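The values are calculated or read from the model by the stated rules, or taken from the named source; none is laboratory data. All values derive from a computational prediction rather than experimental measurement. Heads up, the Cβs are rebuilt from the backbone with ideal geometry, glycines too, and the neighbour counts pull from every protein chain shown.
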Amino acid sequence: MEIKDRYAPSPTGLQHIGGIRTALFNYLFARSVGGAYILRLEDTDRARFDEAFVQNLYDTFAWLGIHWDEGPDIGGPAAPYIQSERFDLYKKYALELVNADKAYYCFCSAERLEAIRKEREQAHASETGYDRQCRSLSSEVGRSRKAAGERCVIRLKIPLGETTRFKDRLLGSIEWKNEDINPDPILLKSDGFPTYHLANIVDDHLMGITHVLRAQEWLPSTPLHLILYQSFGWEPPVFCHLPMVMGQDGKKLSKRHGATSIDEFRRQGYLPEALLNYVALLGASYEEGKDLYTLQELSERFSLDKLNKAPAVFDYKKLEWYNAHYIRMKSDEDLAKSALPYAIEQGLFGAPWTEPDASQRSGFVKAMPLIKERVSFLQEIPDKLRYLFSEPPVPPAAEFIPKKSDLSQTIELLKLGRSLIETLTKLDDAEAEQFVKQEAEKAGVKLGDLMMPLRVALTGSRISPPLFGSLRILEAAAGLARIDRSLAVLEENRP
Ligand code: GLU
């Protein structure tokens, strides 16, 4: 039998870390066993549904580079993959259960249910759910009251006096007294819409899902799901409830800990490779002593046997380390491509949202080696390179003056630096270094004293990315012009 699993999000919010961890593990598991991976949209909650969340889902996974084998956008043998397009199907299966006496019509009004709830709450009763009043109605009575136009729902008849047992692939044997399961939950609402439980089980069955890897918060629903499988006479899939993802304080990861939506990570300048690599380690291990994996490597190594039971702790610092690593590993072209949207947005090439012209574009690619080792996030790149694309204001004279030097010596140092510019733009880093050293020696000045005013004049700051590389991108004419403007300011300051 072909192994199939799925990611079945409800589009009621943005994609977040927990969601993509579930999606990724399902993807990796399917890939590791040569199975199929399905995307199914569980949009039964129409009140909280928003099309924007569906778009966010597609954008997120396109960005991450995770693709499914069957799904709403690409179709497949069990299409449609959107639950709101399958409502007739759920109705049919709910009726099947009513006919088999495994489910029943319930005519209790919302007011009655609310009254029971309050009453039980006041009495501190242990059971607070439905009192199963309509369970004793025969299906004939139910059908005729329904035919007469009475408003009703369909509820599952949970077998009482039994225990539901199953073996979770990660957590082992689990059992639940049926009396402790939410009493006779609704399968089909009065408007004919299914609840999550019914739609989820019908779809997993019809789509041939063999493995359900999902967040641990779904564990309490699993006994109910197994009873549904039993009621239909269907073989249930293997259930595997994934370890929780916590913040450093041991509480469930949430906005209090930092960014959780993938959009936010993306805006901050995380790379998809880094996020995927890090998220893949949340609750799973792969190879002893190896932390860095491509998606392909993860797909080859993923195993349900290597999941951890203990909750995973989300460490933002570790993720930052991964991001810095993947930034360093990128080719200049790739890094420039990833960083370009941030540069455009931050106005590196003119006003914000200005596209670069051809020379700015090629300058941007050439500038990547200058900052690769110095940033952890793509978002930091534009500011670090701003001095290359717009002339920085000339700093006050004091900024130019090396320790133990004075203004007139500094002017001489900068003039000496100026005379080297033409040559420096033609040399690589090692040659340039050698050349400046020689010239400093010849002139009897310290290398650092020669470099400092030159750096301030060219970059507007005492601290900057590597100077020779910067100068090659600026080119001689712009370099000379900057030095001349600086010299003019320094001259003005002479006593
Ligand atoms: N729609 C559910 C969710 O939003 C799916 C749970 C499951 O995987 O069964 O997570």
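The set of residues in region 5-26 being of a type outside the set (A, V, I, L, M) and either away from the ligand (no atom under 11 Å from the Cβ) or surrounded by fewer than 24 Cβ atoms within 10 Å (Cβ to Cβ) (or both) consists of 9, 10, 11, 12, 13, 15, 16, 18, 19, 21, 22, 25.
Tell me yes or no: at least one residue of region 266-280 is part of a helix (DSSP H, G or I), among the hydroxyl-bearing types (Ser, Thr, Tyr), touching a residue at least 60 places away in the same chain (Cβ under 8 Å) and away from the ligand (no atom under 16 Å from the Cβ). No, region 266-280 has no match at all. Would you mind stating whether residue 79 is surrounded by fewer than 22 Cβ atoms within 10 Å (Cβ to Cβ), free of Cβ contacts under 8 Å to residues at least 24 places away in the same chain and not in a helix (DSSP H, G or I)? Yes; evaluated as a whole, the condition is true for this residue. Looking at region 118-139, which of the residues that are of a type in the set (Lys, Arg) and surrounded by 15 or more Cβ atoms within 10 Å (Cβ to Cβ) is nearest to residue 234 (Cα to Cα)? In this case the residue turns out to be 135. The residues of region 170-205 that are surrounded by fewer than 16 Cβ atoms within 10 Å (Cβ to Cβ) and closer than 30 Å to residue 77 by Cα, listed by number, are 189, 191, 192. Of the residues making up region 173-226, those that are among the hydrophobic types (A, V, I, L, M, F, W, C) and away from the ligand (no atom under 15 Å from the Cβ) number 6.
Consider region 27-40. How many of its residues are surrounded by 22 or more Cβ atoms within 10 Å (Cβ to Cβ) and either near the ligand (Cβ under 9 Å from one of its atoms) or over 21 Å from the mean Cα position of the chain (by Cα) (or both)? Qualifying residue count for the region: 1.
Restricted to strands (runs of 3 or more DSSP E) entirely inside region 123-216, those with at least 3 residues that are under 30 Å from residue 82 (Cβ atoms) and more than 34 Å from the chain's Cα centre (by Cα) are 153-156. Evaluated against (1) over 17 Å from the mean Cα position of the chain (by Cα); (2) assigned to a helix (DSSP H, G or I); (3) exposed (fewer than 13 other Cβ atoms within 10 Å of the Cβ), residue 297 falls short on exactly one condition, (3).
Every residue, every condition in (1) more than 27 Å from the chain's Cα centre (by Cα); (2) at pLDDT 95 or above; (3) assigned to a helix (DSSP H, G or I), yes or no:
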position	(1), (2), (3)
318	no, yes, yes
327	no, yes, yes
335	no, yes, yes
343	no, yes, yes
356	yes, yes, no
386	yes, yes, yes
392	yes, yes, no
399	yes, yes, yes
